[in-house]
1. Write out the trypsin sites (Lys or Arg not before Pro) in segment 153-223 meeting two conditions: DSSP loop, and at most 10 other Cβ atoms within 10 Å of their Cβ.
2. Quick one: 3J(HN,Hα) in Hz for segment 82-98, Karplus 6.51/-1.76/1.60 with θ = phi - 60°, rounded, Gly and Pro as x.
3. Check PHE193: other-chain or 5+ apart residues with amide H under 5 Å from its amide H, H built from backbone geometry?
4. Can you work out the FRET efficiency for the pair THR72 and ASP163, with r the C-beta to C-beta distance and R0 = 22 Å, to the nearest 0.05?
5. Would you calculate the separation in nanometres between label points at SER174 and ASP122, each defined as 7 Å from the Cα along the Cα-to-beta-carbon direction?
6. What do you get for trypsin sites (Lys or Arg not before Pro) in segment 31-92 restricted to DSSP loop and a cutoff of at most 11 other Cβ within 10 Å of the site's Cβ?
7. Of the GluC sites (Glu not before Pro) in segment 132-223, which ones lie in a loop per DSSP and count no more than 15 other C-beta atoms within 10 Å?
8. Residues with amide H under 5 Å of GLY217's amide H, sequence separation 5 or more or different chain, H placed in the peptide plane at 1.01 Å from N; which?
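Taken together, the values in this text are just the output of simple stated rules run on the coordinates, not laboratory data. These numbers come from a predicted model, not from an experiment. Cβ: placed from backbone, ideal geometry, glycine included. Neighbour counts: every protein chain shown.
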Amino acid sequence: MNKKNIILLIAAFVVFVILFRWSGVLRTYAISSTSSEPNLKLGSTILGSSLKSPKRLDFAYFKYSDSLDGWTIVKRLIAIPGDTLECKNGNYFVNGENIDIGIDLRFQYKMLPQYYNRYIKDNVVNPEPYSHYSSDTIRVFLDDSFVKSLPIELERYYYYGRDNLSKEIFLNHSDWNFNNFGPIIIPKGKYFFSGDNRDNSYDSRYRGFVDDTHILGTVLITF
């Protein structure tokens, strides 16, 4: 193949990629938060396509209809129209089944400082910021897989607040909170998304349901 043909092929490939990106058929996005850790790493890149409709537990990207309309959000699809959704201590149950089984999630734990220093401090790569919530206790975000590997049993820190939660979901249910709510039937044309970092994710619990017209595509690979 001569030089001219090589240049033409390269030019055609570039045009092909540009057209695919412009049309939304293929998109790449950088992950800029820890809300879906440990499965979508901060700083990683996702490749997605509008040709694939997301199914339950797929990561998908979408836009909101309010002031965040210019933002593209990447979260895991938890429930689709017609599903019955319930959240128990941060775990999701869809149509009566725990769909979190088999997913490595991240939750917040509380522990004594000596346990943190011995088991956590030097053993967690790029830990999220931790904080003292009393004089002798530390809160820290940890992955399920890491917690299961420890020789001690840690206690989850449960948040039962209702501040800034979605009025669409929580308004008429005073006994529902961030980690415990439902059952609720997902309305027609609406979807419920959540991050895998369950105690540190700004998702449908806060933003409400995602309209089907705002779903842009499904994540294919991460790198």
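1. Answer by residue number: LYS188.
2. Calculated HN-Hα couplings, in order: x, 5, 9, 10, 9, 10, 10, 6, x, 9, 9, 10, 10, 6, x, 10, 6 Hz.
3. Those lying under 5 Å, H to H, from PHE193 are ILE78, SER204, VAL210.
4. Numbers: r = 26 Å, r/R0 = 1.17.
E(calc), rounded to 0.05, equals 0.30.
5. Once both label points are built, they end up 5.2 nm from each other.
6. On the way: sites: LYS41, LYS52, LYS55, ARG56, LYS63, LYS75, ARG76, LYS88; in loops: LYS41, LYS52, LYS55, ARG56, LYS63.
Answer in residue order: LYS55.
7. Loop-located and lightly packed - GLU153.
8. Amide H neighbours of GLY217, under 5 Å, 5+ apart: TYR61.
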